[in-house]
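The values are calculated or read from the model by the stated rules, or taken from the named source; none is laboratory data. Predicted model, so just to flag it, every value in this text is computed and none were measured. FYI the Cβ positions are ideal-geometry reconstructions off the backbone, even for glycines, and counts take in every protein chain you see. For accessibility, only protein heavy atoms count, side chains too; no ligands or nucleic acids. Shrake-Rupley method; radii C 1.70, N 1.55, O 1.52, S 1.80 Å.
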Amino acid sequence: MAGAGVDQMAGTIKHGVFVLLEMLLRLCVAPRLRSNLLRLFGAKVGKNVRVYECRFINLENGFKNLHLADDVHVGADCLFDLKGPVRIGRGTTLSPRVTIISHSDPGSSHGSPIVAQYPCEAHGVTIGDFCWIGTSATILSGAIIGSGTVVGAAALVRGDLQANSLYVGVPARRIKSI
């Protein structure tokens, strides 16, 4: 029993360190330096990646669930939930204020009875190569966005989006091939 308490305390300290590192990232003013710091903190970050000021939440596992391929651009004020894996393909651009939610949990930490009907899951998010995600779009856990896809501003993405297509709306719906 005492071992479990020590493990819990170690996990709490580790999480606290990751939260402090996240705060340090927000103080960094250079997007390329922020990319290098993410790599140093455990994220997989390719070449020529620019990450402007953004937020990272659910850092129990640190930054290891973040995968940014070469030539990715992350605009200002984006929000990344790193409970599940977040993979962003080569040459993709996230416009400002994009929100990526990699898991859902209706209250397991406080014993909510809703969990029985809506269990926790962390499917993550995958965005293909050369996509453009518009300002204030929200991408929910389990979403897979095919390569060459454009998601319009303020769209809500869930499920799979076909490659080389334009999606807009809430929920996002396919408008045309591109």
Quiz prompt | Selected residue (only one of Val86, Val72, Val45 is within 24 Å of Ser109 (Cα to Cα), of a type outside the set (Asp, Glu), surrounded by 19 or more Cβ atoms within 10 Å (Cβ to Cβ) and at pLDDT 95 or above) | solution = Val86
Quiz item: Here is a list of conditions, (1) in contact with a Pro (Cβ under 8 Å, 6 or more places away or on another chain); (2) part of a helix (DSSP H, G or I), and Gly16 meets all of them except one; can you say which number that is?
Solution: (1)
Practice problem: Search the range 97-125 for residues being in contact (Cβ under 8 Å) with a residue 40 or more places away in the chain and open to solvent by 10 Å² or more (accessible area, probe 1.4 Å), and hand back the single one that is nearest to Gly152 (Cα to Cα). | Solution: Thr99
Quiz item: Within the range 1-8, is even one residue surrounded by 12 or more Cβ atoms within 10 Å (Cβ to Cβ) and either touching a helix residue (DSSP H, G or I) at 6+ places or on another chain (Cβ under 7 Å) or assigned to a helix (DSSP H, G or I) (or both)?
Solution: no
Practice problem: Return yes or no: is Leu38 modelled with pLDDT of 95 or more, in a helix (DSSP H, G or I) and of a type in the set (A, V, I, L, M, F, W, C)? | Solution: yes
Quiz item: With respect to the numbered conditions (1) at pLDDT below 90; (2) of a type outside the set (A, V, I, L, M); (3) closer than 22 Å to Ala155 by Cβ, which one is the sole condition not fulfilled by Cys28?
Solution: (3)
Exercise. Give the range 48-69 a look and list any residue that's open to solvent by less than 60 Å² (accessible area, probe 1.4 Å), in a loop (DSSP other than H, G, I, E, B) and among the aromatic types (Phe, Trp, Tyr), or say none.
Key: Phe63
Quiz prompt | Neighbours by Cβ (under 7 Å, 6+ apart or cross-chain): first from the range 132-151, more than 19 Å from Tyr52 (Cα to Cα); second assigned to a loop (DSSP other than H, G, I, E, B) and hydroxyl-bearing (Ser, Thr, Tyr) | solution = Ser141/Ser102
Exercise. Considering only the range 138-165, state which residues are buried (at least 19 other Cβ atoms within 10 Å of the Cβ), assigned to a loop (DSSP other than H, G, I, E, B) and either among the basic types (Lys, Arg) or under 12 Å from the mean Cα position of the chain (by Cα) (or both).
Key: Leu140, Ser141, Gly142, Ala143
Self-check item: the range 9-25 - residue that is open to solvent by 70 Å² or more (accessible area, probe 1.4 Å), over 15 Å from Phe56 (Cα atoms) and of a type outside the set (D, E, K, R) and, of those, modelled with the highest pLDDT
Solution: Ile13
